Structure formats: C-alpha cells, structure tokens
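Student: Below is a structure I'd like to ask you about.
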C-alpha cells in the first residue's frame with residue numbers, strides 16, 4: 001500500500017486537550033524522567049564501582065606477583081626445615097600483610113559505594129514521594145478550577161497530606177475513589193520511610209518496631225538494618241530494588257485517577273479523542289457515549305457515531321476495546337451494511353501508521369506497556385439513522 005500523505009497530514013497535529021488531560025500526560029512524562037534519572041545514576045555508580053574494583057584487583061595481582069617472587073627468593077636464602085623456610089619467606093616478602101591490605105581496601109571500596117548508593121536511593125525515595133504529593137496537590141487545584149469549587153485543598157490539610165488529598169477529591173470534587181484504597185495502602189511504606197529519612201536521617205531507635213521489622217523482612221533484600229555500635233538506634237539501608245516498584249505504582253495510580261475522572265465526565269475525554277479520529281470521515285460528526293464495562297486486562301466502550309454532513313451522512317455504533325497485550329495490535333472490524341465515505345481509507349491509514357493511535361490515546365495508555373486496540377463498527381437493528389439518511 002502506498003503511503004497516504006493526505007491521511008498523514010490530517011493527523012499531523014494531535015487532538016485538542018482539556019487542562020486535566022494535559023495534566024495527566026505531563027505527570028506520566030515527569031515520572032518517566034525521574035525513573036530514567038534514577039536508573040541512569042545507579043548505572044553510573046555500578047559502572048564506576050566495577051571499574052575501580054577491576055583496577056584494585058589488577059593492582060593487587062601485580063603486587064602479589066612481586067611478593068610471590070620475593071617469597072621464592074627468600075625461601076631459598078636459608079637452610080632449615082620447610083616450616084622455618086616458609087615462615088622466613090612469608091615474613092620477608094610481606095605476602096600476608098599485602099593480602100590483608102588489599103582485602104581491607106576491597107572491603108572499604110565496597111562499603112563506600114554501598115553507602116553512596118544508599119544515600120542516593122534515599123534521595124530518590126524522598127524526591128519521588130515529593131513529586132507524587134506535589135502533583136496530587138496540583139491536580140486538586142486544577143480540578144477546583146475545572147469544576148468551579150469554592151473550597152480549596154487547604155481547608156482539608158492535616159498531618160497526613162495524602163489522606164487530606166484523598167478526602168478533598170472524594171468530598172469536594174466528588175470523585176468516586178472507593179476503589180482507590182489499595183493504592184493508598186501500598187504507598188504507606190514509601191510515606192513511612194520518606195518521613196523517617198526526612199526527619200531522622202533514616203535512623204530508628206531500638207528496639208525495632210514490629211512494623212519496621214516486617215517491612216525489612218518482606219522487602220526481598222531492598223531494605224536492611226545496620227545497628228550502630230554503642231548507639232541505641234539502627235539505620236535503614238535502601239537499595240534501588242526497593243525504590244523502583246514505586247515508580248510503577250505511582251504511575252498506575254495516576255492512570256487510575258485519570259480513568260476515574262474520565263468516568264465522572266461520562267467518558268467525554270475518550271469521546272473527544274474518538275471524535276478526533278473519526279472526523280476524517282466528516283468534520284462535524286458527533287460521538288455519544290453509550291456503554292462501558294471492564295473486561296479481563298482491559299476496558300470496553302460503546303459509542304454512537306453520527307454525521308449530518310450532506311457529503312457523508314451516517315450513523316453507526318463503535319465498540320472500542322483496549323486490552324493489555326504481549327505486543328501492539330490494532331484491529332478494525334467493519335460490519336457496516338451501508339457505505340460510509342473514506343471509512344476504508346481511515347482503517348488502512350490507522351493500520352499503516354500505528355503511532356497515530358498512540359498520539360490519540362496519550363494519557364490513557366502506559367508508554368511502557370503494549371495494547372491490543374479493537375474497533376468494531378456496526379449498526380444495531382433497527383438501523384439508527386439521521387434525518388438525512
């Protein structure tokens with residue numbers, strides 16, 4: 001199939017987005033940048049450690065090679081038993097001292113980089129939590145303006161900022177967050193450690209509480225406790241494997257919030273995105289939401305597409321399905337019993353240029369996951385027609 005430049009130019013600019021839609025897209029971009037920064041920095045630490053360790057081992061091998069040569073010479077210098085010769089050669093060559101020296105240096109090198117990584121991981125943990133809290137506050141402010149609410153988040157603020165934000169979204173914005181509790185529960189360890197790092201430098205008094213003990217034991221090696229000699233406290237050590245899952249969790253949390261807001265808006269955000277796609281058939285078409293249901297690994301929606309344009313009047317239903325999949329896939333099933341101008345061209349163009357759907361669904365789709373997107377176009381009997389058809 002030849003490249004359809006007319007189709008491509010039609011979708012050169014993305015759909016017009018509301019302020020809340022832009023917010024959720026920006027949040028996901030920020031989370032990706034923060035995660036990439038953490039991954040890159042940890043890799044730099046690892047690469048630098050490997051290089052220094054390699055140089056250290058090379059120096060140790062060279063020094064031990066010379067010590068072994070000296071050992072052989074000194075072994076032959078004296079007459080006596082084998083044990084006497086070994087003791088003399090070991091003392092004169094300094095081979096034991098060298099082994100002890102390089103072993104200590106290697107341990108110090110490992111401890112140094114472990115401590116640096118610990119400091120960075122704690123910093124990443126605090127920064128990530130701050131990003132989440134800041135963006136949730138910004139969301140509340142934007143939704144206050146969007147829905148013209150007089151009550152601001154400040155009226156709800158308490159020691160637990162996350163709880164106050166959720167109460168504001170529930171009571172003032174009237175967002176149904178009943179299914180959001182699992183995310184709040186999963187965030188608690190991040191919130192708990194963030195507070196301790198910020199206010200106590202990650203130090204915990206002895207004896208260790210049951211919650212902290214369980215948190216460390218269930219972290220799969222992501223957390224450890226180091227008892228400070230002669231002090232009545234322990235320091236929690238944080239590895240990157242503890243921090244990274246929270247990037248995915250917070251990202252998913254914002255996707256869920258966007259989905260909840262879309263549902264509150266009677267799926268108007270999604271309706272406008274589909275109107276952007278199908279306007280290729282008729283610029284003045286209307287898209288009306290009809291039905292939504294959750295399915296395994298995804299969502300299914302039904303919309304009514306209508307055009308009263310004299311050059312291309314139509315009325316049909318579109319069943320739109322989004323499912324997480326092993327690979328990207330775009331499927332069109334055209335069951336229309338009447339002709340709709342340019343429908344085949346639209347289907348062929350979207351199939352050829354799959355980036356268009358990614359652009360259309362920005363904010364709805366996780367950039368790190370693959371999806372199967374299906375369009376089924378059909379007419380329910382009796383056929384719903386406009387007055388022009």
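Student: Provide the gained length on full extension for the span residue 370 to residue 88, in nm with one decimal, where the gain is 0.36 nm per separating residue minus the Cα-Cα distance.
Tutor: Net length gain for the segment: 94.6 nm.
Student: Can you give me the Cα centroid spacing of region 236-291 and region 151-190 in angstrom?
Tutor: 19
Student: Another one. Quick one: length gained pulling residue 213 to residue 299 fully straight, 0.36 nm per residue minus the C-alpha distance?
Tutor: Here the answer is 27.0 nm.
Student: Past the 23 angstrom mark, what percentage of all C-alpha to C-alpha distances in region 79-222 do you count?
Tutor: 59
Student: Can you tell me how much longer the chain between residue 379 and residue 47 gets when fully stretched, taken as 0.36 nm per residue apart minus their C-alpha distance, in nm with one decimal?
Tutor: 113.5 nm
Student: In which sequence would 118, 230 go, from the one with the fewest C-beta neighbours within 10 Å to the one with the most?
Tutor: Going from least to most buried by this count: 230, 118.
Student: May I pose another question? Which of the peptides 343-354, 143-154, 17-28 is most tightly packed, and how do the rest follow, judged by the mean count of other Cβ atoms within 10 Å per residue?
Tutor: Final packing ranking: 17-28, 343-354, 143-154.
Student: Now for a separate question. So what's Rg/Rh here for region 152-294, counting alpha carbon atoms and using the Kirkwood radius for Rh?
Tutor: 1.16
Student: Quick check: Cα centre of region 57-90 to Cα centre of region 214-232, how many Å?
Tutor: 43
Student: Of the DSSP beta bridges with both residues in the chain, give the percent that are antiparallel, rounding to the nearest 5.
Tutor: Once the DSSP bridges in the chain are tallied, antiparallel ones form about 85 percent.
Student: In whole Å, what are the extents of region 272-321 along the principal axes defined by its C-alpha atoms, from largest to smallest?
Tutor: 40, 16, 11
Student: Next up: Report, in deg cm²/dmol and to the nearest 500, the calculated mean residue ellipticity at 222 nm for the chain, where each DSSP H run with n ≥ 4 adds -39500 (n - 2.57) and the sum is divided by the residue count.
Tutor: -19500 deg cm²/dmol
Student: May I ask you to sort 29, 74 by Cβ crowding, counting other Cβ atoms within 10 Å and putting the fewest first?
Tutor: 29, 74
Student: Something else: Would you mind giving the three semi-axes, in whole Å and largest first, of the ellipsoid equivalent to the chain according to its Cα gyration tensor?
Tutor: They are 62, 30, 15 Å, listed largest first.
Student: Taking all pairs of different Cα atoms in region 67-119, averaging 1/r and flipping that mean, what Kirkwood radius in angstroms comes out?
Tutor: 12.8
Student: Turning to a different aspect of this structure: Using only the alpha-carbon atoms of region 220-331, report the extent along each of the three principal axes, biggest first, to the nearest angstrom.
Tutor: The Cα atoms of region 220-331 stretch 87, 29, 23 Å along their principal axes.
Student: May I pose another question? Could you work out the Rg to Rh ratio of region 242-306, with Rh taken as the Kirkwood radius (inverse of the mean 1/r over all Cα pairs)?
Tutor: In region 242-306, Rg relative to Rh is 1.12.
Student: Find the centroid of the Cα atoms in region 296-315 and in region 93-119, then give the distance between the two in whole Å.
Tutor: 68
A short reminder: the numbers here are calculations on the coordinates, not readings from a lab. These numbers come from a predicted model, not from an experiment. Cβ atoms come from the backbone with ideal geometry, glycine included; neighbour counts cover every protein chain shown.
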